[in-house]
Every structure is written in structure tokens, then in C-alpha cells.
Amino acid sequence: MMGKKGNSLIVAGAGVWGLSCALACARHGWRVTVLEKDRVGAGASGGVVGAMAPHTPDRWTAKKQFQFQALETATLFWEEVEHLSGLPTGYGRIERLQPILTHKARTLALARAVCAQEVWQGRTTWTVEDAPDWIAPVCAPCGVIRDNLSARIHPAKATRALAAACQATGVTITEGVAVHGLSDSGVHTECGDKHADAVILAAGVGGFDLLAPHTARTPGAGQKGQAALLKCDLGTCAQIYADGLYIVPHSDGTVAVGSTSEDIFDHPTATDAQLDALIARAQRQVPALAGAHVLQRWAGLRPKPRKRNPMLGPVPGLDRHFVALGAFKIGFGLAAKVGETLANCLEGTARIPDSFSIEAHTGD
Ligand SMILES: Cc1cc2nc3c(=O)[nH]c(=O)nc-3n(C[C@H](O)[C@H](O)[C@H](O)COP(=O)(O)OP(=O)(O)OC[C@H]3O[C@@H](n4cnc5c(N)ncnc54)[C@H](O)[C@@H]3O)c2cc1C
């Protein structure tokens, strides 16, 4: 059954992963319907930060390689999304700076520069240099790491553009219909059973609940993150990552500041004093942000998988169900490769790291 063009596919969830799967599968010839319980971008993908950056180049793993390849193909992918949709995504290949606080950290950064030459094979660079004058000197006393593979995107705009690109490619997106469970021939929904030749579960945190009855252990949980959008034009400044703090200049004269990481929380979409503290930290790092008007405060749930790796591939014991879950903190960074990987997976030709399987996460 798998691999026949023209067969029907249901994708559960219209976040960046569900939509990238829908787009890739439609281009492989599948008849695709996306079922979204709320609206496009209602989950984590509707946020504001959008840093797309590589892992450190030392202790190279299959996951790091997957992400490296995803980042390398991202430019082409998002350009195509803009072309198909006619909408902006905010994508831009801007560099990333990581301030260095101690001499020990600088020594490690220099050692990683050597690793980068080996594993990145000269295609992108990781260098250690003096901090630019727009970063407060006290925040980068030992210089900065600069990498030129990193990019940024505007998550909410990019997700809207991706949805429009899907529709332009023949995908049907049905909002306001929740998937309630997986059936032998498709999915159960509140509007009755829907049949399809294949199903991809890409429902973010909601996907863990749908998958749980089919796995021995809970596959993952939501982790809350808060972020803000400030009105400030930093021009051609690079993005900054400093010990959990992201400062991401967007193309529209705004700057995103993120993100908290909360495994325990009362309300998934409320913002509080933790976000104020983050904004204050960002203003200390980059003095030009002082006094900038806060345009938006935003919070959402990252789909945090049990083993911190993405979950891509077949659902054990079911022959037509697949997952694209566990995007966690790097959903936008990986999106360009996730869709194509799932399209190949449906056709039985994907090469996916073993650590990404459901079995590797839940011990099934
Ligand atoms: C504060 C914050 C900052 C972040 N910063 C970055 C960053 O800088 N870079 C980066 O790459 N990533 C970042 N992320 C992570 C990124 O947002 C996620 O990895 C990504 O958006 C997850 O995409 P997804 O499609 O898997 O899930 P989601 O975007 O959550 O989409 C899932 C969709 O499924 C729908 N759904 C749920 N249940 C059902 C159901 N039963 N039936 C049908 N539909 C259902 C939901 O309504 C939702 O629309 C950040 C996240 C947060 C919270």
C-alpha cells in the first residue's frame, strides 16, 4: 500500500511539522488532508522567536548531522514556501553570536572551532573573535563565538505562509476538527471516523496524548516557554544566544526575546514576571534594547519528547500510522528536512537515525 502515488493521507496538526509533512507528501503525489483541532499555528508554531541554529560541532551525533542538513536546506525550502504562498516567512540567514564569559569557555570554544572545520567541512564556519560594540562589554568579556550557519524566521508568519503553500499545492486544511484517536483504517474524530491510506500524527503536545495508548511509556509532555516581541530595529545585527537567552532581530524592525523553560506551570499561555526578567537580561546584553516598546508577550507549549530527540517514523504495531513529534526547541530548525523525511518514510525509503524511533523513546 505504501508508496503508491495518489493514495490518501491524513495529517493531524497544522503546526510547522504537520504542514511541512503535508507539503512534502503532496509533492510526492499524496492526496493530503490536514485535520487541525483549532486553527493553523494554534500551538507552539504560532510564536515569535524563530532561532535556527546548529548544535555544537564537538561530539558529533546523527541528530546533529540531521539538524546540520536541515539548516543547510532551509534557505531553499523557505524561499520555495514564499514563492508558492506569496507570503513572507521572515526567513534570513543571519549569523549567531554567543558571548563568552570566562577564559575556560573561550578555550572550549577554540577547541570546538577545530571540530567545526572537521565536521562542517568548510561549508560553514565557527570562529572566536572580539565582541562587537553593540553588545555590553561586561556580557562578553572573553569575546564571542560566531557561526554563519544560523538563520532566523518569524514563526507565526512562516506557519501561515507554509499553510498557504500547502493549499497552493492541493492540500486541504480543515480547521476546528480534533483527532480523538487512531483507528485501524485512519483516525477517529469528533465528526466521525476518517479513513486514509496513511496517517501522520504531527499534533505537537496533543500528539503525545494520541500516541500514548500505543506505547508502553508516555512519549513526552509539554514544556512551557515565554517570549516577547520588542519594537526595535537592530539593522544587520546577528542574533544572540547566551545561556538560555535568545535575542533574535527580525526583518520587520522587531526583536524577539526568549525563552523560559518551565516543566511545571499553572497556565500554558499566560506570561508573568519570568518574562520581565528575561527582557531585562536582554536589555543588559544589548543596550540598544533599553526602553524598547514591548509589542507582544507570548507563551506556548513545546512538545518535549521523553528522550529529547525528535520522534520520526512508524507507530509500532500499526501499518499505516507515522509520527512527526517531539520538535521541542528546534522545530523550525528541523522543519525543512522533517517533511521530506516523512514523505520518504511513507514510501519506505527514508534513512532516519535509530534514536528518532518511537521505540528508542518509549522502550516499545
Ligand atoms: C517560547 C518558545 C520559543 C521557541 N523558540 C524556538 C526557536 O527559537 N527555534 C525553534 O526552532 N523552535 C523554537 N520553539 C519550538 C517550536 O516552536 C516548536 O518546536 C514547533 O513549533 C513545534 O511544531 P509542531 O508542529 O510539532 O507543534 P505545534 O506547533 O504545537 O502544532 C501542533 C498542532 O496540532 C494541533 N493539535 C493538537 N492536538 C490535536 C488533535 N487531537 N487533533 C488535531 N490537531 C491537534 C494543535 O492545535 C497545533 O496547531 C520555541 C517554542 C516556544 C514555546
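Here, each number is a calculation from the coordinates, and none is a lab measurement. Remember, predicted model here, so these are calculated numbers, not experimental data. Heads up, the Cβs are rebuilt from the backbone with ideal geometry, glycines too, and the neighbour counts pull from every protein chain shown.
Each label was represented as a point 7 Å from its Cα along the Cα-to-Cβ direction; for R59 and R351 these points are 2.5 nm apart. Working ranking of peptides 10-21, 75-86 by packing, defined as the average number of other Cβ atoms within 10 Å per residue, highest first, is 10-21, 75-86. Legend: P(r) of the chain from all alpha carbon pair distances, 20 Å bins from 0, whole percents, reading 30, 57, 13, 0.
The listed peptides 225-238, 117-130, ordered by packing as a protection proxy, come out as 225-238, 117-130 (highest mean of other Cβ atoms within 10 Å first). Taking 7 Å steps out from each Cα toward its Cβ at A277 and A221 produces label points 2.0 nm apart.
When only Cα pairs below 8 angstrom with a gap of at least 6 residues are kept, segment 120-195 shows a relative contact order of 17 percent.
Ordering V257, V177 by the number of other Cβ atoms within 10 Å of each residue's own Cβ, fewest first, gives V177, V257. Ranked by the mean number of other Cβ atoms within 10 Å of their residues, highest first, the peptides 270-281, 334-345, 87-98 fall in the order 334-345, 87-98, 270-281.
Pairwise Cα distances in segment 53-206 exceed 24 Å for 55 percent of all pairs. Between the beta carbons of H180 and L87, assuming R0 = 35 Å, the FRET efficiency works out to 0.65 to the nearest 0.05. Taking the Cα of A105, stepping 7 Å toward and past its beta carbon, and measuring to each backbone N in segment 139-153: which are under 18 Å? Counting only backbone N, you get 139-147.
Ranked by how many other Cβ atoms sit within 10 Å of their own Cβ, fewest first, the residues S45, S8 fall in the order S8, S45. The aspartates and glutamates whose alpha-carbon is closer than 13 Å to the alpha-carbon of K304, local same-chain residues fewer than 8 away aside, are D209, E262, D263. Size descriptors for segment 160-201 (Cα atoms only): Rg and Dmax, in that order, 11.9, 33 Å. Stretching D243 away from T73 to a fully extended chain increases their span by 58.5 nm, per 0.36 nm per residue minus the current alpha-carbon distance.
Compared with the dominant Cα axis of the chain, that is its longest principal axis, helix 273-285 is turned about 50°.
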